[in-house]
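The values are calculated or read from the model by the stated rules, or taken from the named source; none is laboratory data. Just so you know, these numbers come straight off a predicted model, no measurement behind them. Every residue, glycine among them, receives a Cβ derived from its backbone with ideal geometry; neighbour counts consider all protein chains shown. Protein only, heavy atoms only, side chains kept; ligands, DNA and RNA dropped before computing areas. Shrake-Rupley method; radii C 1.70, N 1.55, O 1.52, S 1.80 Å.
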Amino acid sequence: MRPLFALISLAALATPAMAQTDALSDETAMQARTLMENALESDVAYDTIRDLTTRIGPRLAGSEAEARARDWAVDHLKSLGFKNVRVEPFDMPFWSRVSEHAEIVSPFPQPLAITALGNSVATPEGGVTGEIVRFETMNDLAAAPMDDSLKGKIVFVDEDMVRTQDGSSYGVAVAKRSGAANEAAKRGAVAAIIKSVGTDTFRRPHTGTMRYIDGGTKVPTAALAWPDAEQLTRALAYGPVTVRLDISVLTKDSVESGNVIAEIPGKTDELVVIGGHLDSWDLGTGAVDDGAGIGIVTGAGKVILDLKKKPERTIRIVYFGAEEVGLLGAFAYAKAHATELDKHVVGAESDFGAGRIYQLRSRFGESQLDKAAAMQRVLEPLGIALADNEGTGGPDMTPLRTAGVPVVSLSQNGWDYFDLHHTSDDTFDKIDPDDIAQNVAAYAAFAWMAANMEGSFRDAPAAD
Ligand code: ZN
Ligand code: ZN
């Protein structure tokens, strides 16, 4: 039972449905409200996250653990009663950290808390040692002269990440994570370290993927925990500082990953897709990123199954593989389903942690915005407002969205998300069952409405 939330919501849920659009019938709106009430009483999502993060734990993309997670997923989805449960495998290159260590060598010898960034090359045997050159921002590094001033040095980008509710600062932060090693190598540096992409001040670094530019020199790269970045900056105030970085990694050219798919069959072959990603980084147990998303869409699907009414459209749940290393599962999905992309009516992925949803952003045809408004009116008792028509649908919706599939972003409050994101502290104890239940309610109602609304979410093609 969730008394506080129930107090806020049930009175509002009890008001008669006011669909106010031809596309959303009163009957569908009422059913969506029933799903919301049932979702608030369901433990399936919370139990799903607990089971996944306890029995599998970390699920690095392409690893044996990610494969065990797929087996777990198939059993789990079948046991809940979903249909057409299957794995769609794909191949990918593999990267894993083996060991990582950094220390100030001089003038003040002491260890530094670091973690290698995903895809980083190893350091040479015995590590790499160099004098630190600090840049306040990534833009400062990118603007540094192309001379020999960084030759043999270790670049340190000391940029803080701004805390936001909607995660809008992540793009800038990723530019630092992905770009620091490339810009450093262009100028002859032997390694690059960054202040972690994160908003906490704890002594545990944040990993995340980086990408080397084609044809460029590859230098090792790692993230410092926030206090260690501060310490390094303090040390630099006394004069030159030399750091040793020692990273070893394991790579394989090709391993298997896969997407896990389950369905609630509808009366037609049109599809509504909801998903999350099954892989996680290796440092924590991937509870918030993205065990939460897996739990939310599974819990939503389960309350729809329990309604025992066949939706008009098929509702497809996708657990994407290998999201963290470049949306590999999402691209594999779009390729495998290239011939039925026009059957994908609308999609949404939950991949922004475990906080409450506070707004609905659509990306529909401009002529279909009444559908977004109708959905939001049903979701409003959950505290969800209507925002703009610039939704992304979540990372794994990117290939579908760029192919023209309409998407919805059910935006979660991400104020604290980057405190934990990609750290050893992303563990199940951070999951709040009431917040998860609110997400499940929103996804269940959204998926049901999307599956039963009449008409397309796209603009009609222009007449010749
Ligand atoms: Zn994620
Ligand atoms: Zn992530």
Worksheet item: Of all accessible surface on the range 372-464 at a 1.4 Å probe, what whole percent is carbon and sulfur?
Response: 50
Item to complete: Starting from the eigenvalues of the Cα gyration tensor, five times each then square-rooted, give me the equivalent ellipsoid semi-axes of the chain, largest first, whole Å.
Response: 43, 21, 21
Worksheet item: What is the distance, in nm, between label points placed 7 Å from the Cα along the Cα-to-Cβ direction at Glu390 and at Glu340?
Response: 3.4
Item to complete: Compute the distance in nm between two label points, each set 7 Å from the Cα along the Cα-to-Cβ direction, one at Thr251 and one at Arg55.
Response: 3.5
Practice prompt. Express in nm, to one decimal, how much length is gained between Arg163 and Ala237 on full extension, taking 0.36 nm for each residue of separation and deducting their alpha carbon distance.
Written response: 23.9 nm
Worksheet item: Among Ile436, Ala450, Gly130, whose Cα lies farthest out toward the positive end of the dipole of the chain, if unit charges sit on the beta carbon of Lys, Arg (+1) and Asp, Glu (-1)?
Response: Gly130
Practice prompt. Calculate how many DSSP beta bridges within the chain are antiparallel, expressed in % of all such bridges and rounded to the nearest 5.
Written response: 60
Worksheet item: Let a ≥ b ≥ c be the square roots of the eigenvalues of the Cα gyration tensor of the range 163-218; is it rounded (a/c under 1.5), or, if not, prolate (a/b larger than b/c) or oblate?
Response: prolate
Response to the item:
Descending packing, highest mean Cβ count within 10 Å first, for 74-84, 178-188 is 178-188, 74-84
Worksheet item: Rounded to the nearest whole Å², what accessible area per residue is found for the range 108-240 with the 1.4 Å probe?
Response: 43
Discussion item. For the ranges 271-283, 355-367, what's the packing order if you count other beta-carbon atoms within 10 Å of each residue, average per peptide, and put the highest first?
Written reply: 271-283, 355-367
Item to complete: Would you mind pulling out the separation of the Cα centroids of the range 75-146 and the range 213-260, in Å?
Response: 6
Discussion item. Can you bin every Cα-Cα distance in the range 108-240 into 10 Å intervals starting at zero and give me the percent of pairs per bin, rounded to whole numbers?
Written reply: 13, 47, 34, 6, 0
Discussion item. Restricting to DSSP loop positions (anything but H, G, I, E, B) with no more than 15 other Cβ atoms inside 10 Å of their own Cβ, which chymotrypsin sites (Phe, Trp or Tyr not before Pro) remain in the range 378-427?
Written reply: Trp415
Discussion item. Which entries of Lys83/Lys310; Lys335/Lys371; Lys78/Lys430; Lys186/Lys252; Lys176/Lys430 have Cα-Cα distances beyond 20 Å here?
Written reply: Lys335/Lys371; Lys78/Lys430; Lys186/Lys252; Lys176/Lys430
Worksheet item: Based on Cβ point charges of +1 for Lys and Arg and -1 for Asp and Glu, what charge dipole magnitude is obtained for the chain about its Cα centre, in debye rounded to the nearest 20?
Response: 320
Worksheet item: Helix 292-307 versus the longest principal axis of the chain: what is the Cα-based angle in degrees, 0 to 90, to the nearest 10?
Response: 10
Item to complete: Express in nm, to one decimal, how much length is gained between Ala143 and Glu230 on full extension, taking 0.36 nm for each residue of separation and deducting their alpha carbon distance.
Response: 29.0 nm
Response to the item:
Contact order relative to length for the chain, counting C-alpha pairs under 8 Å separated by 6 or more residues, stands in percent at 23
Worksheet item: If the chain between Glu125 and Asp43 were fully stretched, how many nm would it gain, using 0.36 nm times the residue separation less the Cα-Cα distance?
Response: 24.5 nm
Worksheet item: Helix-derived [θ] at 222 nm for the chain: sum -39500 (n - 2.57) over DSSP H runs of at least 4, divide by residue count, nearest 500?
Response: -10000 deg cm²/dmol
Response to the item:
Taking Cα atoms, the helix 3-13 axis meets the longest principal axis of the chain at an angle in degrees (rounded to 10) of 50
Worksheet item: Tilt of helix 369-379 relative to the longest C-alpha principal axis of the chain, in degrees (0 to 90, nearest 10)?
Response: 90
Worksheet, complete the sentence: Shape call for the range 301-382, from the Cα gyration tensor axes a ≥ b ≥ c (a/c under 1.5 means rounded, otherwise prolate when a/b beats b/c, else oblate), comes out rounded
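What does the highest-first list of 144-150, 64-70 look like by mean Cβ count within 10 Å?
Output ranking for 144-150, 64-70: 64-70, 144-150.
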Item to complete: Only bridges with both residues in the range 108-240 count here: give the DSSP antiparallel percent, nearest 5.
Response: 20
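Tell me, what are the semi-axes, in whole angstrom and largest first, of the equivalent ellipsoid of the range 106-154 as set by the roots of 5 times the Cα gyration tensor eigenvalues? If you can, show how the numbers build up before the last one.
Working: eigenvalues 91, 47, 36 Å².
With the √(5λ) rule applied to the range 106-154, the semi-axes are 21, 15, 13 Å.
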Response to the item:
Ordered by number, the trypsin sites (Lys or Arg not before Pro) in the range 248-302 that occupy a DSSP loop and have at most 12 other Cβ atoms within 10 Å are Lys267
Worksheet item: Distance from the Cα centre of the range 392-407 to that of the range 272-304, in angstrom?
Response: 17
Worksheet entry | Rounded to the nearest 20 debye, dipole of the range 126-268 from Cβ charges on Lys, Arg, Asp, Glu | 160
